Each structure stands twice: as C-alpha cells, then as structure tokens.
Amino acid sequence: MFREIKGQDRAIRLLNNALAHNRIAQAYLFYGPEGVGKFTTALYFAMALNCVAKSEKRPCGVCTSCHKFLEFNHPDLIYVFPTPNIKTTAEGEMKDKSIAEYNAYIENRKKTPWEKFYFSGSTEIRRESIDLIQKRLEFTQREGNYRVCIIEDADEMNSSTANSFLKTLEEPPEQTVLILITTRMQSLLPTIISRCQLVFFKPLSHKVIEELLSAKYLIDKPTAKANARISNGNLEQAIRLTNDTKHISRNLMVSFIEAALKSDDQFILNLVSSAKEKFKSELIHDVLAHLALWQNDMALLASGRKDITNSDQQELLNQCLERLGNDVDGIVDSLSLIDDWHGKLNGNVNVMLILINLFNHLKSLYGTRN
C-alpha cells in the first residue's frame with residue numbers, strides 16, 4: 001500500500017528500510033506542508049508494523065489487522081488530534097458530546113479526509129488527551145506487534161500538554177511507536193524534536209497531483225491540470241477544488257474581480273456583514289488559489305500568449321488587462337500578497353480582514369481611474 005503514496009519516495013524508502021531491518025524508532029516526527037501524505041503514511045506505517053501477511057510487501061491492506069487500522073478501531077492504535085475541551089469520566093472515558101464529535105471527525109477522516117472538519121469550539125491538543133494516551137499505554141496486553149500512537153497537528157499542544165507528553169516521549173513503553181505529525185515544526189518544543197527521528201515530506205509536484213487526480217479520482221485531464229497548478233503542491237486542496245462541483249470558490253473569486261472593476265465598495269460591505277460561518281479558511285485558501293491562476297493568466301495575456309486556464313472568462317480578463325495597462329509589476333505584487341495571505345490564514349488571522357485586504361488590493365489594480 002506504500003506504493004499508493006506518490007511523490008514521497010525518500011520518506012517511504014526510509015520507513016521500508018526500518019521495517020526490513022527491524023530497526024524501528026520509538027518516535028518519529030513527520031513534518032512538511034499540508035496535503036502531501038503525512039497522515040496516510042503514518043497510518044500505513046502503523047499497519048505495516050502490525051500486518052500479519054506473510055508477504056514482504058507490508059502493509060497488505062487486506063488482513064484482519066490492516067482492516068482494523070483502516071477503520072480506526074484496532075486496539076493498538078491510539079489516535080490523537082486537536083479537539084475542543086474533552087469531558088471525561090473519572091476513569092478517563094470521554095463523555096457523550098465529546099464522543100459524538102470525536103466519532104464524526106473519525107468518519108470524516110475515513111471518507112473525505114480532504115474536507116476540513118469543524119468542531120463546536122476552539123481546538124488544541126489538551127492535557128486530557130495526553131492523559132488518555134498515558135492510560136492506554138499502561139495496558140501491557142497487545143493484539144499486534146506494536147502499539148502505535150499517531151498525534152496529528154502535534155504543534156497544537158499547549159505548553160502544559162507538551163511538557164506532560166515529553167515524559168512519555170522520554171520513556172515510552174516497549175514495542176510502542178509514537179508518530180507526531182506537523183506542518184509547523186518550529187512550533188514544537190526543541191526537546192520534543194530532538195527525541196524523534198525526523199521524516200520530511202516535500203510538496204507534491206504539479207505532475208504528481210495531476211496524475212493522481214486523473215488516475216485515482218477519474219478527473220478529466222484539463223481540470224486535473226488546472227487544479228494541480230493552483231493547489232501549490234497540496235493534494236487535499238486539489239481534491240477539494242475538484243469536488244467543488246458548484247464552483248463556489250472560483251465564482252467568489254470572479255465576483256471579487258467584477259466588483260473591483262466597478263470599485264463597488266458595497267460588495268465588500270455586504271460580504272463582511274453576511275453570515276461569517278460561510279467563510280471558512282479553507283474556502284478562502286481556494287479563492288486565493290484561483291486568484292493566483294487568474295493573475296498567471298493575466299501575465300500570459302500581457303506577453304501575448306493564449307494558453308490560459310480561465311478561457312471562459314476571456315472578456316473579463318481583457319477588461320482587467322486594459323485597466324492594468326503596462327503595470328505588469330502589479331501582477332508580481334499580487335502573487336507575493338497571495339502567498340502572504342495564505343500564510344496569515346494558516347496563522348489564524350481574521351478571515352474577514354483578509355477578504356477586505358484582498359478587495360482593496362484588486363480595486364487598486366483594476367478599479368475605475370479618476
């Protein structure tokens with residue numbers, strides 16, 4: 001099943017070598033950008049450690065143990081991720097509401113992992129989650145060869161959680177493997193990083209994403225190529241864009257362009273005053289990705305090329321190009337700002353503030369001139 005993970009040959013080779021020579025580290029840190037296969041690799045590695053197939057190509061994906069891991073119900077799998085404050089009983093068991101949200105997150109992870117799951121409150125990895133890990137690790141009986149704990153978004157541990165977890169990381173029980181996953185390694189305690197074997201996951205190439213969309217998700221080649229280009233190496237975003245059958249993010253981007261051309265300030269006022277829950281950060285990431293492709297089309301047209309992606313919006317592109325005049329530097333500035341806004345979204349900057357800044361920037365580029 002490792003062969004299903006594309007574009008991460010170095011990481012997969014490292015893990016296969018560990019399996020082949022039975023040199024399993026007690027703790028791994030999988031780090032790299034979003035949507036490049038870190039979690040899937042962690043799950044498959046946990047499966048491989050406990051796979052009962054005689055074949056050397058572990059994990060097999062078909063044995064009883066592998067099936068249990070794929071369903072997230074193997075007794076030797078401990079899966080931790082950021083949640084709202086978990087309510088537990090005196091025995092450490094989750095209470096009803098926490099169980100419902102936990103199970104909903106797991107279902108989302110199994111069926112549509114590219115879709116962001118939204119909890120009822122702010123999330124982090126809390127001390128209670130580490131307490132649950134420690135209680136589970138106290139059990140000596142195992143069904144498989146290894147007990148595996150996967151900690152997703154490990155950088156979201158608060159200071160109390162991180163220090164508590166450090167004790168577990170320093171002296172994990174035998175036949176236990178801890179796998180931490182992060183997109184922001186710099187947010188982890190240096191003492192945690194130093195106790196893990198580091199495994200880097202690189203951004204996926206446009207070609208790899210395009211091939212995956214075409215082969216695995218049966219997406220037509222033009223759509224696969226366009227979504228691969230605007231996903232910036234993030235397969236999850238490319239799949240999300242592909243499944244956006246109503247073209248919500250692209251239509252929103254076009255609406256911004258149209259309003260900017262008219263210098264229609266009422267547009268952004270109406271947008272900001274509308275239901276804020278509609279504008280999740282993933283949607284704005286997708287809007288920005290479409291805008292980057294739009295600006296790329298502008299640069300192509302300015303240089304006389306016709307091989308643009310947004311060919312159905314040729315008239316609108318021409319209007320923008322006319323307003324832009326010879327200010328090609330404005331396109332370069334836009335692409336830099338888009339990268340900056342992506343970073344701010346990842347840093348939990350207010351989404352509405354980014355939308356306002358986006359509109360003001362587009363208005364400065366394409367708005368009516370006095």
### Task
Could you give me the residue pairs with C-beta distances under 7 Å whose first residue belongs to the range 56-70 and is over 11 Å from Ala46 (Cα atoms), whose second residue is crowded, with 18+ Cβ neighbours inside 10 Å and of a type in the set (A, V, I, L, M, F, W, C) wherever it lies, and which are 6+ apart or on separate chains?
Cys60/Cys51; Cys60/Cys66; Gly61/Met1; Cys63/Cys51
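Condition check ((1) buried (at least 18 other Cβ atoms within 10 Å of the Cβ); (2) without any contact (Cβ under 8 Å) to a residue 60 or more places away in the chain; (3) within 16 Å of Gly7 (Cβ to Cβ)) across all residues:
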site: Leu169; (1), (2), (3): yes, no, no
site: Val177; (1), (2), (3): yes, no, no
site: Pro190; (1), (2), (3): no, yes, no
site: Gln197; (1), (2), (3): no, no, no
site: Ala215; (1), (2), (3): no, yes, yes
#### Entry: Residue that is assigned to a loop (DSSP other than H, G, I, E, B), surrounded by 16 or more Cβ atoms within 10 Å (Cβ to Cβ) and either free of Cβ contacts under 8 Å to residues at least 40 places away in the same chain or of a type in the set (A, V, I, L, M, F, W, C) (or both), where the choices are Ile181, Ile219
Ile219
### Message
Please go through the range 322-370 and give me each residue that is closer than 15 Å to Leu291 by Cβ, of a type in the set (D, E, K, R) and in contact (Cβ under 8 Å) with a residue 60 or more places away in the chain, ordered by number.
### Response
Lys363
### Any pair with Cβ under 8 angstrom, 6 or more apart, that starts in the range 144-156 at a residue that is hydroxyl-bearing (Ser, Thr, Tyr) and ends at one that is assigned to a strand (DSSP E or B) and modelled with pLDDT of 95 or more
Tyr146/Val177
### Message
Condition first: more than 18 Å from the chain's Cα centre (by Cα) and acidic (Asp, Glu). Can you find one or more residues in the range 6-21 that meet it?
### Response
yes
### Task
Please go through the range 302-313 and pick out each residue that is within 32 Å of the chain's Cα centre (by Cα) and not acidic (Asp, Glu).
Ile308, Thr309, Asn310, Ser311, Gln313
#### Entry: Unmet criterion (only one of (1) surrounded by 15 or more Cβ atoms within 10 Å (Cβ to Cβ); (2) farther than 28 Å from Lys225 by Cα; (3) not hydroxyl-bearing (Ser, Thr, Tyr)) for Asn350
(1)
### Message
Looking at the range 157-167, can you tell me whether even one residue there is part of a loop (DSSP other than H, G, I, E, B) and buried (at least 18 other Cβ atoms within 10 Å of the Cβ)?
### Response
no
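Could you tell me whether the range 103-125 includes any residue that is among the small types (Gly, Ala, Ser), assigned to a helix (DSSP H, G or I), out of contact with any His (no Cβ under 8 Å at 6 or more places or on another chain) and assigned by TED's automatic domain parsing to the domain that holds Glu34?
Checked the range 103-125: no residue is among the small types (Gly, Ala, Ser), assigned to a helix (DSSP H, G or I), out of contact with any His (no Cβ under 8 Å at 6 or more places or on another chain) and assigned by TED's automatic domain parsing to the domain that holds Glu34.
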### Task
Return yes when Ala100 is farther than 22 Å from Leu19 by Cα, among the hydrophobic types (A, V, I, L, M, F, W, C) and at pLDDT below 90 and no when it is not.
yes
### Query
Is there a residue being assigned by TED's automatic domain parsing to the domain that holds Cys51 and of a type in the set (Lys, Arg) anywhere in the range 214-227?
no
### Task
Give the number of residues within the range 28-59 that are buried (at least 18 other Cβ atoms within 10 Å of the Cβ) and over 22 Å from the mean Cα position of the chain (by Cα).
6
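Of the residues that sit in the range 195-222 and are of a type in the set (Val, Ile, Thr) and touching a helix residue (DSSP H, G or I) at 6+ places or on another chain (Cβ under 7 Å), which one is nearest to Leu291 (Cα to Cα)?
Ile209
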### Message
Just checking: which of the helices (runs of 4 or more DSSP H) contained wholly in the range 306-370 hold 3 or more residues that are acidic (Asp, Glu) and not assigned by TED's automatic domain parsing to the domain that holds Asp155?
### Response
329-346
### Test result for Asp286, modelled with pLDDT of 85 or more, closer than 30 Å to Ser187 by Cα, crowded, with 16+ Cβ neighbours inside 10 Å and of a type in the set (D, E, K, R)
yes
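Given the criterion more than 26 Å from Ser273 (Cβ to Cβ), in contact (Cβ under 8 Å) with a residue 40 or more places away in the chain and either of a type outside the set (A, V, I, L, M) or touching a Phe, Trp or Tyr at 6+ places or on another chain (Cβ under 8 Å) (or both), identify the matching residue among Gln314, Gln319.
Matching residue, one of Gln314, Gln319: Gln319.
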### Task
Output yes when any residue across the range 228-242 is free of Cβ contacts under 8 Å to residues at least 12 places away in the same chain and either surrounded by fewer than 21 Cβ atoms within 10 Å (Cβ to Cβ) or at negative phi (or both), and no when none is.
no
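The values are calculated or read from the model by the stated rules, or taken from the named source; none is laboratory data. Given the structure is predicted, the values throughout are model-derived calculations rather than measurements. For neighbour counting, all protein chains shown are included, and Cβ atoms are generated from backbone atoms with ideal geometry for every residue, glycine included.
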